[in-house]
Amino acid sequence: TALSGKDEQKALALLDTLQSITTESINEYRGTLHKELGDGFLYSFSTVTDSVRCGIKIQKLAKDIEEFNLRIGIHEGEITVKGSDILGDDVNITSRIVGSSPIGGISISGKVQQNISSLTEFKTSYIGTPQFKGVSKKVEVHCITSDGLPKTKVSKISSKLEKKEFSFVKKILF
């Protein structure tokens, strides 16, 4: 978005590059493009694992492209399909999670982290529980740190974070 204000032609060329990079990966992991959101895209996948693997592949392909500041957010939840679009609170949560992602990284909700936690190929780090605008439920956010992806610097997140509180039983289990 900032680049559009400085050099619209370069920003449009980067969006074209993003589309060419993502199209092959999205198809490989059976994703569906639902909408373009200015400088962003909304995809859905049949499985959480496919969405995470696809995100990692896209970040690896994009990391050496100059001024390509790509952030990815992944959440799992209920959606409503209306034509080729998807709607719902969980779509809104996903768009908020993106803001917790570092440039070149992937942030995921606690639901996604729980689903991939038994897969040793993925390493994650807890970020916090931001108070997302327009979202009433609590959403834990983690970032993927495997595959050389950057860890989120909590000081750079604009959403207010709540400290994670553990009950006595949770402390014993961890």
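The values are calculated or read from the model by the stated rules, or taken from the named source; none is laboratory data. What you are looking at is a predicted structure, and each value in this text was computed from that prediction instead of being measured. Because the Cβ atoms are built from the backbone with ideal geometry, glycine has one as well, and the counts that use them run over all protein chains shown.
Of Gly128, Gly88, Gly148, Gly55, which residue is under 21 Å from Ser25 (Cα atoms), touching a strand residue (DSSP E or B) at 6+ places or on another chain (Cβ under 6 Å) and not hydroxyl-bearing (Ser, Thr, Tyr)? Steps first, answer last, please.
Values: Gly128 fails: under 21 Å from Ser25 (Cα atoms); Gly88 fails: under 21 Å from Ser25 (Cα atoms); Gly148 fails: touching a strand residue (DSSP E or B) at 6+ places or on another chain (Cβ under 6 Å).
Answer to the check: Gly55.
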Inset, instruction - Sort through Gly55, Gly38 and tell me the only one that's modelled with pLDDT under 95 and under 27 Å from Gln9 (Cα atoms). - result: Gly38
Inset, instruction - Kindly indicate which of Ser20, Ser51 is within 22 Å of Ser100 (Cβ to Cβ), assigned to a helix (DSSP H, G or I) and not β-branched (Val, Ile, Thr). - result: Ser51
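Among the residues of segment 58-110, which ones are of a type in the set (A, V, I, L, M, F, W, C), part of a loop (DSSP other than H, G, I, E, B) and under 19 Å from Phe132 (Cβ atoms)?
Initial filter on segment 58-110 (of a type in the set (A, V, I, L, M, F, W, C)): 58, 61-62, 65, 68, 70, 72, 74, 79, 81, 86-87, 91, 93, 97-98, 103, 106, 108.
Of the ones still in play, those that are also part of a loop (DSSP other than H, G, I, E, B) are 65, 68, 70, 79, 103.
Selection gives Ile79 alone.
For segment 58-85, give me each residue that is aliphatic (A, V, I, L, M) and closer than 17 Å to Leu15 by Cα. First the steps, then the outcome.
Step one: of segment 58-85, the residues aliphatic (A, V, I, L, M) are 58, 61-62, 65, 70, 72, 74, 79, 81.
Those that are aliphatic (A, V, I, L, M) and closer than 17 Å to Leu15 by Cα: Ile58, Leu61, Ala62, Ile65, Leu70, Ile72.
Going through segment 97-110 one residue at a time, which ones are surrounded by 14 or more Cβ atoms within 10 Å (Cβ to Cβ) and closer than 21 Å to Phe41 by Cβ? Before you say what the answer is, go through the steps one by one.
Taking segment 97-110 as the starting set, the residues that turn out to be surrounded by 14 or more Cβ atoms within 10 Å (Cβ to Cβ) are 97-102, 104-110.
If the condition is that a residue be surrounded by 14 or more Cβ atoms within 10 Å (Cβ to Cβ) and closer than 21 Å to Phe41 by Cβ, then Ile97, Val98, Gly99, Ser100, Ser101, Pro102, Gly104, Gly105, Ile106, Ser107, Ile108, Ser109 are the ones that fit.
Of the residues Ser118, Ser136, which single one is surrounded by fewer than 22 Cβ atoms within 10 Å (Cβ to Cβ), part of a loop (DSSP other than H, G, I, E, B) and at pLDDT 95 or above? Give the derivation first.
Details: Ser136 fails: at pLDDT 95 or above.
Just a single option satisfies the conditions, and that option is Ser118.
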Inset, instruction - Give me the pairs, please: first residue somewhere in segment 112-132 and on the phi < 0 side of the Ramachandran plot, second residue anywhere and assigned to a helix (DSSP H, G or I) and small (Gly, Ala, Ser), beta-carbon distance under 7 Å, and either six or more positions apart or on two chains. - result: Glu121/Ser146; Phe122/Ser146; Lys123/Ser146; Ile127/Ser100; Pro130/Ser100
Inset, instruction - Look at segment 69-96 and say how many of its residues are surrounded by fewer than 21 Cβ atoms within 10 Å (Cβ to Cβ) and either hydroxyl-bearing (Ser, Thr, Tyr) or touching a Cys at 6+ places or on another chain (Cβ under 6 Å) (or both). - result: 3
